[in-house]
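Okay, structure first, notes after.
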Amino acid sequence: MSLDSMNPALVEKHFKVIGTRVARPDGVDKVTGRARYGADAAMPGQLVGLVLRSPHAHAQIVKIDISKAVKLAGVKAVITSADFPDHTQGDRGMMDILENCMARGKALYDGHAVAAVAAIDAATARKALKLINVTYKILPHVTDVDEALQIHAPVLHPHIYTEGLSEKPTAASNWNKHGEYGHGDVDAGFKEADMVISRSYKTEQTHQGYIEPHSALASVSPDGSAEMFVCTQGHFVYRNQCATLLGLDANKLRVTASEIGGGFGGKTHVWAEPLALALSRKANRPVKLTMSREEVFRCTGPTSSTSIDVKIGAKKDGTITAAWAELRYQGGCFPSNWAELGAMTAFACYDLKNVKTVSKDAVVNRPKTAAYRAPSAPMAAFAVENTIDEVAKAIGMDPIDFRIKNAAKQGTKSSYGPVYGPIGIGPTLEAAKNHPHMKAPLGKNMGRGMACGFWFNFGGQTCVDVNVTPDGNVTIAQGTIDVGGSRASIAMAVAEELGVTYNQVRSIIADTSSLGHNDMTDGSRGTFSTSKAAIFAARNAITVLRDRAAKIWEIPASEVEWRDGAAHAKGVNHGNRTPLSLKEIAAQAGQTGGPIAGHAETVADNAGVSFATHIADVETDPETGRSLIKRYTVIQDAGKAMHPSYVEGQYQGGAAQGIGWALNEEYVYGKDGRLQNAAFLDYRIPVCSDLPFIDTQILEIPNPNHPYGVRGVGETSIVPPLAAVSIAVTNATGVRQTHIPMSPPRVLKSLKTKKK
Amino acid sequence: MRYEMPTTAKAAAGLLAKEKGRAFVLAGGTDLLVKMKAGVVEPDLIVDIKAIKGMKDIKKSAGGFVIGAAVPCVALSENAALTKAWPGVVEAANLIGSKQVQGRCTMSGNLCNASPAADSVPALIAAGAKVSIISAKGSRKVAVEDVTTGVGRTSLKKGEFVTAIELPAKKPKSGDAYLRFIPRTEMDIAVVSCAVNVSLDAKGMITKARVVLGAVAITALLVKDAASAIVGTKLDDAAKAKLAAACSAACKPIDDKRGTVEFRTEVAGVLARRAAEIAYARAGGKQ
C-alpha cells in the first residue's frame, strides 16, 4: 500500500461512490416485514423456553424444588445453576457472566434468573414455572450508588476488595474499583482561579430501550455440535462466551445473527443464550427463548445510575486553571469499570493545565449493567458541562466563547492521557456559534442550552471476504453486525475501490463458521473497522484481477493497472490494448486460476476520537414542570461521512435517546428493591410527537488512520443531550438542574424549593 | 375459555348471569386483551357485545345523545353534533392510548375498567352523563359517578353490563373541557386530570358548574367545593385561585412511579384553572 492510499486528504478528492446516499440492501425487507429478527426463526420440533426469576432484590436461594415441574406433561427440560458446571477456569469475569445468566446460591436483583424450563408450548412452560418451588432467605439490599458505598451497606459479594488502591482494603465492600486520571496540580490551579464552582449531580438508571426484545433459537445435537440463531451485536463474541460457559468447542457452535431491532450496547452481553443452549442440550430438542418486554427491563443490562461531584476554577479572562471531579457509578450486581470510563471522558473536550478525576465503581442490587451508547460519557458530560456553563456565567463570559477558549486541539494532552491528533471539538464549537439556531429568538418560558461531548471510538478485530461472482458482480462477507446501515457503507467502499457501481456489490453478515473472529459492533467500530478491512480486501482482489488480466494478455502483471472498474495495460508495448472489465475477467476466471477473491484482516487501531456540540431549545411549564424540546441541532465530526444519511441518522438517534434520558426515562425502584416500571408505559422513552425535527451538521476532519478518513459516528451523539437539555431547562426556569431525568415532579419541586 | 358473540342484549345478560367462572364483557378489548396477555386475568367466558344491535350507534335526540357501549372513541370525534355539544368529552375519549387504540377502545369500557386515571370518566361526570345497565331481570340507569366504586371495582352486579352512555342535550351558553397531565405528549396515562363543565347567564356569570378530578383518588372525584368556588363569578382571578385551592384540597392521591402526592395535589389546581378557562370560553364567556 502506498503512503498516498492512507492519506485521506489525497484520497477523498477522487470519491465516486463514497458520500452518496444509496439505498440500503436490507431496506425493502425491513419495511415489508420479510426481514428475519431474533424471534422469526423456527426449527423442526422446537420447544418454548421460559425463565423463572427472583422476585427479591437480594436473597439466599435455600432450595429449588423442580420435582413437580419436571413431571408436568409437555415439559422437556428444567434447568438450574446445577446444569452449569464451572468451565471458566478461574476467570472471574466469565464466572460473573455465568452467575448473571443463572443465579448460583444467591439472587442478586429483582429479575435474576433462578431456573428455566423448555416445554412443548408457552402455556405448558408457564404452568411449569408455577410448579417450581424456590425457598428464599431474604437479605438486606441496596440499590443506590451512594448508599452502596457507605460503610454499613449490605455487602453483595464477600470476594470484592476495592481494586486500584495503593493498599488492599481490610474488608470486602461494594466499592469494586478505584481510579484516577489527570495531570498537573489541581490544588495549585484552584488557587490561581478568580472563580471556583463546585456542584453535585445525580443521574438515574436508564435502559437502551431497543424495540426488539432478546431472542435466541438454540439447537444442541447429541454429538456436541450446536447452532444458534440470535439477535446480537456480536455473534462471534456470543459464540466464544457461550462455548466457554457450556464447555463447547467454538468451532462446533455455529451462530447466525438475525437482523437487529436495536441494541445500543445492550446486545453485547449474553443473557438468555446460554440458557437456551443448556435447555436444548438437556431436552435434546431445539429451544427458542424470547424475552418479554418486562424481562428486557428487569433482567438485561441498563446503564449505570450515577452521583458526580465537579469543581472547576477559572480566571476572569476565561482560562480554566483547574478541573476536578469524583464520579461514582453503579454497575449493577457485578464489578464494572463504568465510573472509570466516565472519569476518562469527563474533561476530554478541554485543554487543561491541571486536571484530576477520581472514579469509584460500585455494585448494587440491580441488574448487571451493559454498555449504552458511549457508555458512561453522557452522565459525566452532564455534570461537567453544567459546571462549565455556571463558571462561564459567573465570570461574565458567553458559555460558547468560554468553551472555545478552553477547547482541546491537535497536540493537547488529553485529560485521560494521550495527546490528540487532528480533532473536531474546536470546529464543532465554531460551527455552533455561527449556526442560525444560536441566533433564533426564544419564546415565553423557553431556554437554550448548548453542550459538548466526546467519545473515544474503538477499532478492534475485523476480517472481510470479497468475492467476485462468475457474472462479474461482487459479494462481501462481513462479520460485524449491521446496526445502522453498515452493509451499504461497506459495499460502497468496495465499489469505490473496484471502480464499479454500488449496485454491483452486496454485503451479507456471515455466520461464525464462515469467517475468522470479529469483535462485536460496539465502540462505533462497525463501519470504521469493517470498511478498513473491506478496502484492503478489495485491494487484494484487485491484485488478483491484475494478475488474471496479465495472464489473459500474456504480459507481466506489473504492466497492468486497475482503474474505473477495468484492467488497463500500460506502457509503450501494451498501451493500445482494449481494457478488460471486471465482468470480462470474471467470465474467464475458470481458465485463469479459479475464483477471484480478496481477503483482509485487521486490528483497526487508532479509531479517531470524536467530538460533538449540541444546541437545545426547551420550553418548561413553570406550573407543572413539564419540558418540551422545541428545537435541536447536532454538530459532529464524522471524519468522512461514507453515507451521509446514515451518519445523520446516528446523530439524530443519539440525540433522541439523550433527550429521553434527560427528560423522563428512569428505573424506579420501590423500597423493597423491586423495579416498579418495567414497561414502556411508565418507562417513558420519547414518542414521535415529543421530538422536533433534529437538525444535523456533519463536519469532516479526516482521521489519519483510515484510508478515507472515517471516524466512528454512532455514539458521540448521545453524550451532549443530557447537558444541553438540562442547561436549557436551567435557562428557562432560572434554577440549575442537577438531577436527571428532569421529570415534571422533579423540576416542579426544584422550582418550589427555589421560591422558598 | 369460551367466546360468545350474542346478537341481543338479553342473550348477553343471560350468558353473563349463568357463567359460574369468571366472565368478561368484550367491546374494544383494549384493556381485557392486554390483561389476558399479561396473565393478569384468565377468563372462563368472554361475551363479545359488538354484534348486538345498537351497540355501535350514536343516537341524537331532543334529550341528548345515546352512545352505544361498543362505539369506538374515534367515532365520537367523527360525529359533528356530538363534538359541537360536548367537546370536552370527545377530547377526553380521544386521549386514550394511541391512535390505534382509539380505533378500538370505548368509553363504556374505559368506565367499567374502573381505573382512577381513566380519561373519559371525569369528562362524562362533569357532563352529567348517565349509563344504561341491563341484566336478565331488566334495565336501570345510574349516574356515571355511581358506577366506579374503587380501583378496578364497579357497582355492576353479576349478570349486568353497560349498554349505552347517555349525554344530556347541550344547554345554551354552556361549555365543557378536559385536561390531563402526562409527562409526554401522547400515548401515556393521566398523572392527574380535570374536567370542568359550566353554564353561564346572559352576562357571563357562571350559574352552574361541575368540576371533576381524575387520578388523585381511588375513583374520579366530583368536587362540589370547586364548583361553588366559581359559581356566581365571571371566572376572575380570585375565583380561579379558589377553584385551584378547592381542587388541591380535595385530592387524596398516592406517591407512585407516575407522580408524587405533592405534585398531583399542586397540578390538580393548575389543570382545574386551565380547564375552567377553556370551558368558560366555550360557553361564550369573555375574560
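Numerical summary
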item: A:Lys353 long-range amide H proximity, modeled H, under 5 Å; result: none
item: Cut-off under 5 Å, modelled amide H: who pairs with A:Tyr136 long-range; result: A:Val62
item: Space enclosed by the convex hull of the alpha-carbon atoms of the stretch B:174-282, per residue, Å³; result: 88
item: 25 °C / 0.890 mPa s Stokes-Einstein diffusion coefficient of the stretch A:168-237, Kirkwood radius on C-alpha pairs, µm²/s; result: 126
item: Total formal charge among the other residues, if their Cβ is under 9 angstrom from that of A:Arg36, Lys/Arg +1 and Asp/Glu -1; result: -2
item: Estimated vicinal HN-Hα couplings, Hz - the stretch A:234-249 in sequence order (Karplus 6.51, -1.76, 1.60; Gly, Pro = x); result: x, 5, 5, 5, 4, 4, 4, 5, 5, 4, 4, 5, 9, x, 9, 7
item: Sequence-separation-based contact order of chain A, relative, with Cα cut under 8 Å and 6+ spacing, percent; result: 16
item: Kyte-Doolittle mean at least -1.0, axial Cα span of 24 Å or more - DSSP H helices of chain B; result: B:261-282
item: Spin-label pair A:Thr578/B:Ala17, simplified geometry with 7 Å Cα→Cβ offset, distance in nm; result: 9.4
item: 14 Å beta-carbon shell around A:Pro441, net charge (K/R +1, D/E -1); result: +3
item: q = 0.05 Å⁻¹: log10 I(q)/I(0) that the Debye formula gives for the protein assembly as shown, counting C-alpha atoms only; result: -0.38
item: Average partner coverage of A:656-668, which counts Cβ from other chains inside 10 Å; result: 1
item: Computed over the stretch B:2-168, Kirkwood Rh from alpha-carbon pairs, angstrom; result: 15.8
item: Computed magnitude of the charge dipole of chain B (debye, nearest 20; Cβ of K, R +1, Cβ of D, E -1); result: 700
item: Cα convex hull of chain B, projected area averaged across orientations, nm²; result: 14.4
item: Inter-chain Cβ neighbour average for residues B:262-271, partner chain, 10 Å; result: 4
item: Cα-projected label distance for A:Lys68 with A:Thr543, points at 7 Å along beta-carbon direction, nm; result: 6.8
item: Qualifying aspartates and glutamates (Cα of each under 17 Å from Cα of A:Lys444; at least 8 residues distant if same chain); result: A:Asp617, A:Glu619, A:Asp621, A:Glu623
item: FRET efficiency for A:His152 and A:Phe680, using Cβ-Cβ distance with R0 set to 45 Å, rounded to 0.05; result: 0.75
item: Spin-label pair B:Asp255/B:Ala169, simplified geometry with 7 Å Cα→Cβ offset, distance in nm; result: 5.2
item: A:Ser507 long-range amide H proximity, modeled H, under 5 Å; result: A:Ile476
item: Lys/Arg +1, Asp/Glu -1 at C-beta; the stretch A:1-130 dipole; positive extreme among A:Ile61, A:His112, A:Ala77; result: A:Ala77
item: Peptide B:175-188 - average C-beta neighbours from other chains (10 Å radius); result: 4
item: Residue list for the stretch A:627-671, given a label point 7 angstrom along the Cα-to-Cβ vector of A:Lys439 and an amide N cut-off under 16 Å; result: none
item: Efficiency of FRET between A:Ala82 and A:Thr135 - r from beta-carbon atoms, R0 22 angstrom, step 0.05; result: 0.90
item: Per-residue [θ]222 nm for chain A (sum of -39500 (n - 2.57) over DSSP H runs n ≥ 4, rounded to 500); result: -8500 deg cm²/dmol
item: Label point 7 Å beyond Cα of B:Val41 along Cβ direction - residues of the stretch B:113-137 with amide nitrogen under 20 Å; result: B:113-122, B:131-136
item: Straight-distance crosslink candidates among lysines, where the alpha carbon sits under 20 Å from A:Lys30 and sequence neighbours closer than 8 are dropped; result: A:Lys267
item: For peptides A:533-540, B:226-233, sequence by mean Cβ density within 10 Å, most packed first; result: A:533-540, B:226-233
item: Under 16 Å from A:Lys583, Cα to Cα: lysines that are on another chain or at least 8 residues apart; result: A:Lys551
item: Unit charges on C-beta of K, R, D, E only; dipole of the protein assembly as shown, Debye; result: 4180
item: Which listed pairs, of A:Lys315/A:Lys353; A:Lys71/A:Lys282; B:Lys37/B:Lys157; A:Lys130/B:Lys257; B:Lys173/B:Lys286, have C-alpha distances above 20 Å, in listed order; result: B:Lys37/B:Lys157; A:Lys130/B:Lys257
item: Label zone at A:Lys551 (point 7 Å along Cα-to-Cβ), backbone N below 17 Å, the stretch A:467-483; result: A:467-472
item: Total formal charge among the other residues, if their Cβ is under 13 angstrom from that of A:Gln150, Lys/Arg +1 and Asp/Glu -1; result: -1
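Readers should treat all values here as calculations from the given coordinates under stated rules, not as data from a laboratory. Just so it is clear, the model here is predicted, and its values are computed rather than measured. FYI the Cβ positions are ideal-geometry reconstructions off the backbone, even for glycines, and counts take in every protein chain you see.
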